[in-house]
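K.L.:
My questions will all concern the structure given below.
The values are calculated or read from the model by the stated rules, or taken from the named source; none is laboratory data. Note that the coordinates shown come from a computational prediction; the quantities given were computed from them, not determined experimentally. Here the Cβ positions follow ideal geometry from the backbone for every residue, glycine too, while neighbour counts run over all protein chains shown. These area figures cover heavy atoms from the full protein model, side chains too; ligands, DNA and RNA do not enter into them. Shrake-Rupley method; radii C 1.70, N 1.55, O 1.52, S 1.80 Å.
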Amino acid sequence: MVLSKILSESDISVHSTFASHYIRDSSAKYRMPENSIPKEVAYQVINDELMLDGKPRLNLASFVTTWMEPECDKLIMDSMNKNYVDMDEYPVTTELQNRCVNMIAHLFNAPLGDSETAVGVGTVGSSEAIMLAGLAFKRKWQNKRKAEGKPYDKPNIVTGANVQVCWEKFARYFEVELKEVKVREDYYVMDPVKAVEMVDENTICVAAILGSTYNGEFEDVKLLNDLLLQKNKETGWDTPIHVDAASGGFIAPFLYPELEWDFRLPLVKSINVSGHKYGLVYAGIGWVIWRTQEDLPEDLIFHINYLGADQPTFTLNFSKGSSQIIAQYYQLIRLGFEGYRNIMENCHNNAMVLKKGLENTGLFKILSKDIGVPVVAFSLKDRTKYTEFQVSEQLRRFGWIVPAYPMPADAQHVALLRVVIREDFSRTLAERLVVDITKVLEELDKHGHSSSTATSVVKKTEDDIKREITDHWKNLVVANKANKMMTPILNQCRSAVEILH
C-alpha cells in the first residue's frame, strides 16, 4: 500500500527558499516575532540585507584589520565559545595573553629584568585601554595629593585637539578636565611646547599620540618628555606621559626603530596599542602596558574567587571572548619581527605609490607625513567647483569608502580626504584608486558644480551636522509609521491576489 502525505504550506523542505512565505513576508524589525522560522530562512534573510554593506577591504576609512590567514580564522572559530574571564577553566588562554603582554612590553622597551614579567592587560580595544591607563593616572595623583594634604577634586589631562573621541569619553565619564592644545593650519598635531605650558599641579598626565587619527602623523614624544622633565624639575611636580599608540605602536618599532617615543623615555609610564589595527587582528583586541608595577595602583585591581581560584582582574568589562587574544598570539609568533617589518614596509611603500599618484594629478595638497602611520591624507587645492565631500560621495560608485571630514578646532576650515593603507591594500588597488579618483574629478568637472555649493559643504558647522542627523532620523520614523499603516492594506491586497490565482 502506498502512503501519501499532504504537505503543509509551512513545510519549508519542499519549497525553494525564495518561494517560501517566510521570504514573501517582511522580516521582523522592532519586535521579536511570535513564531520560529527555519534556520535556512533566517540565514538568507540576514545575508540578503548584509549584501548592502560596503566591502570591508575597500573600506579605506578604517584602521581595523579586515583580513587574516585561514589558519588563524580557524583558531578564532574554534575558540569562539571560550569566555576569557574563566581563567581557571582556560589556563592556557590566560598564559597566551600573558605572553602577548610580555612580547609587546619588550617591543616597547619596557625596563624589565631577566626574571621580571611585564605589567599589562588585554582589552576590547584602545578605548578601554585608555580608560584603564587614565584611571591609573588619576588614582595615583589622588593618592599623592591626599598624602600631602592637598585638594584632589580637580584633576585635568592635557592632550591635543586631534585626539580620538575616547579621550573625551574618559574625561567626561571619570570627571577629569580635558585641556586641549589647539591645532593650526599646516600643524595638525599637539605642539609639545604649548602642551607643557598648560600643565599645572592638577595635571594627572599629558597624552601624546603616536599616529594622529586625522593624518597619521606622529607627535614628538621625545621633545615632550624633555620639556616636561625640565618643568618637573623647576616646579617639583612629577607629571607623567601616556602614549596613545593605538595606530603607531605596531609600526614605529619596525619602520623607525631609532625613534624614541616609548619606555626609553623616563616620563612615559603607560602605552596603549590596538591589536586590531596594525597588530593585524580582527576587531576586538587592544593592549595597555605599564612601565612598572608601581605605575598601576594596587587598589584598582580586583580579586575574584567565584570562578574556581583567586584571579586578579583590572578591566572595565567582565566577560569577553578569547578568540582575539589567541589570534594576536598567532600573529606574533607566525610573523615574528621579520614578518611585521615586511608588512609595515609594504604598507608604507603602497602609501607612497598612492601619494605620488595623487601628486601627479596636480589637484591635491598632501596633508600626511612620510614618517608616521601609512595614511595618505589630502585636500583639494581648488574648492571652487566641488569639495572633498563630493569626491568622497562619488567614489562610493566605484565601491571605495574614503572619508571626508574637517580638521579639529582652530583648523576646521581645512577639509580633507583620508586613505588608510592596511596589509590587504595592494599596489594594484592603490593604482586603481588613483584612476578612479581621476575619473571622479573629470565627471565633477564635466557637470560643473557651482562654487556656492562647494563652499556650503566645506563650512558645515557642528550644529549643521547635528541638525542633518536629527532630520534624517525624523524622516526614518515618519517613513516607518507610514509603512506600519500600509502593512494591513498590503496584506489584504496580497490575499486578494492569491484568491484570484
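K.L.:
Residues of region 184-205 being open to solvent by less than 50 Å² (accessible area, probe 1.4 Å) and β-branched (Val, Ile, Thr), which ones?
P.N.:
Val189, Val196, Val199, Thr203, Ile204
K.L.:
Any residue in region 164-183 that is touching a Gly at 6+ places or on another chain (Cβ under 6 Å), open to solvent by less than 10 Å² (accessible area, probe 1.4 Å) and under 21 Å from Asn215 (Cβ atoms)?
P.N.:
Yes, some residue in region 164-183 is touching a Gly at 6+ places or on another chain (Cβ under 6 Å), open to solvent by less than 10 Å² (accessible area, probe 1.4 Å) and under 21 Å from Asn215 (Cβ atoms).
K.L.:
Do you know which residues across region 308-333 are at pLDDT below 95 and among the aliphatic types (A, V, I, L, M)?
P.N.:
Ala309, Leu316
K.L.:
Can you tell me how many residues in region 195-220 are farther than 12 Å from Gly160 by Cα and touching an Asp or Glu at 6+ places or on another chain (Cβ under 6 Å)?
P.N.:
0
K.L.:
Which condition does Gly336 not pass, out of (1) at negative phi; (2) open to solvent by less than 40 Å² (accessible area, probe 1.4 Å); (3) part of a helix (DSSP H, G or I), if it passes all the others?
P.N.:
Unmet for Gly336, out of (1) at negative phi; (2) open to solvent by less than 40 Å² (accessible area, probe 1.4 Å); (3) part of a helix (DSSP H, G or I): (1).
K.L.:
Turning to a different aspect of this structure: Considering each of Leu416, Leu433, Leu490 in turn, give the residue that is part of a helix (DSSP H, G or I), surrounded by 11 or more Cβ atoms within 10 Å (Cβ to Cβ) and modelled with pLDDT of 55 or more.
P.N.:
Leu433
K.L.:
Does Ile104 fit the bill of being more than 20 Å from Pro240 (Cα to Cα), among the hydrophobic types (A, V, I, L, M, F, W, C) and at pLDDT 95 or above?
P.N.:
Yes: the conditions hold for Ile104.
K.L.:
Answer yes or no: is there a residue in region 33-52 that is within 30 Å of Ser392 (Cα to Cα) and part of a loop (DSSP other than H, G, I, E, B).
P.N.:
Looking for residues that are within 30 Å of Ser392 (Cα to Cα) and part of a loop (DSSP other than H, G, I, E, B), one finds at least one in region 33-52, hence yes.
K.L.:
Filter region 339-367 down to residues that are open to solvent by less than 60 Å² (accessible area, probe 1.4 Å) and either touching a residue at least 60 places away in the same chain (Cβ under 8 Å) or among the basic types (Lys, Arg) (or both), then give me how many there are.
P.N.:
Total satisfying the criteria: 14.
K.L.:
Go through the residues of region 266-274 one by one and say whether even a single one is out of contact with any His (no Cβ under 9 Å at 6 or more places or on another chain), open to solvent by 10 Å² or more (accessible area, probe 1.4 Å), within 26 Å of Gln331 (Cβ to Cβ) and touching a residue at least 60 places away in the same chain (Cβ under 8 Å).
P.N.:
No, region 266-274 contains no residue that is out of contact with any His (no Cβ under 9 Å at 6 or more places or on another chain), open to solvent by 10 Å² or more (accessible area, probe 1.4 Å), within 26 Å of Gln331 (Cβ to Cβ) and touching a residue at least 60 places away in the same chain (Cβ under 8 Å).
K.L.:
On the basis of being over 26 Å from the mean Cα position of the chain (by Cα) and within 23 Å of Pro408 (Cα to Cα), does Val193 make the cut?
P.N.:
Yes: the conditions hold for Val193.
K.L.:
Let me ask something additional. Answer yes or no as to whether Gln331 is part of a helix (DSSP H, G or I), open to solvent by less than 30 Å² (accessible area, probe 1.4 Å) and over 27 Å from Arg432 (Cβ atoms).
P.N.:
So Gln331 fits the description; yes.
K.L.:
With the structure loaded, tell me whether Asp244 is among the acidic types (Asp, Glu), surrounded by 23 or more Cβ atoms within 10 Å (Cβ to Cβ), at pLDDT 95 or above and touching a strand residue (DSSP E or B) at 6+ places or on another chain (Cβ under 8 Å) or whether it fails that test.
P.N.:
yes
K.L.:
Go through region 401-413 and count every residue that is in a loop (DSSP other than H, G, I, E, B), closer than 25 Å to Tyr282 by Cβ and either free of Cβ contacts under 8 Å to residues at least 12 places away in the same chain or open to solvent by 10 Å² or more (accessible area, probe 1.4 Å) (or both).
P.N.:
The number of residues fulfilling the criteria is 1.
K.L.:
Testing Ser319 on (1) in a loop (DSSP other than H, G, I, E, B); (2) of a type outside the set (A, V, I, L, M, F, W, C); (3) within 20 Å of the chain's Cα centre (by Cα), one condition comes back false. Which one is that?
P.N.:
That leaves (3) as the condition not met.
K.L.:
Can Arg57 be described as open to solvent by 100 Å² or more (accessible area, probe 1.4 Å) and under 24 Å from Leu429 (Cα atoms)?
P.N.:
Spelling it out, Arg57 is indeed open to solvent by 100 Å² or more (accessible area, probe 1.4 Å) and under 24 Å from Leu429 (Cα atoms).
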